[in-house]
Amino acid sequence: MSASASPAPAPPVPAAASPSPLSVPAPTSGPTAAELLDFARRTAADAGLIASLPLDPEGRTWIRLDGPGGSEAWLIGWPPGTGTGWHDHADSIGAFLTASGTLKEHSLAARLPTDGWKTLELTEGIDRSRELTPGQGRAFGRHHVHEVLNESADEHAVSVHAYYPPLPQIRRYSRTGAVLRLEQTENPEDWQ
């Protein structure tokens, strides 16, 4: 990958300090990506919940769920021919699983720089695609760039998604061939 703008140098990392006997213990860590995928799998198996999602022929629909360990979770309905466009979930790990229908995920098998660029030229061989039928899903780490699509011409899909920590932002990209361009950064108030 080559960037059209150089990322800013990383700030120096301070030396670890000895813990003070009066210091507050660090909060326990949240769920792992595997635990988020397990949550998505259990949730997708709840036929009543999946059936309760109103489906719209024109646009995606969603219901906010209580995710495990303080995570953010969603049940999402996908009309035929809809998708997310290229995006990432910033510093959140996540998982999603298809509950009904079929989804396709296109992703990049490379970690991108997180800041300091607007356009990247992607190297060959980093594109990945997978088809996810009911019961199939995947977990992913921070800064995972992908797009999710319902390519069916006539069937809705429904999926369960979970992220931890709750999404601090979503970065949206456009892609033309090997060129990936950062288009906008959304904050939670933009989608909730």
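The values are calculated or read from the model by the stated rules, or taken from the named source; none is laboratory data. Computed from a predicted model, the values in this text were never measured in an experiment. Cβ placement follows ideal geometry from the backbone for every residue including glycine, while neighbour counts extend to all protein chains displayed. To get the accessible areas, we keep the full protein, side chains included, count just its heavy atoms, and leave off ligands, DNA and RNA. Shrake-Rupley method; radii C 1.70, N 1.55, O 1.52, S 1.80 Å.
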* Asked: In region 140-192, how many residues are over 23 Å from ARG64 (Cα atoms), of a type in the set (Asp, Glu) and in a loop (DSSP other than H, G, I, E, B)?
  -> 2
* Structure fact -> Among residues of region 43-95 being among the hydrophobic types (A, V, I, L, M, F, W, C) and assigned to a loop (DSSP other than H, G, I, E, B), the residue surrounded by the most Cβ atoms within 10 Å (Cβ to Cβ) is ALA90
* For region 126-144, enumerate the residues that are exposed (fewer than 14 other Cβ atoms within 10 Å of the Cβ) and at pLDDT below 95. => GLY141
* Structure fact -> Flagged pairs (Cβ under 8 angstrom, 6 or more apart or on separate chains; first in region 170-187, without any contact (Cβ under 8 Å) to a residue 40 or more places away in the chain; second assigned to a strand (DSSP E or B) and β-branched (Val, Ile, Thr)) are THR185/ILE170; GLU186/ILE170
* Any chance ALA109 is of a type in the set (A, V, I, L, M), on the phi < 0 side of the Ramachandran plot and open to solvent by 50 Å² or more (accessible area, probe 1.4 Å) -> yes
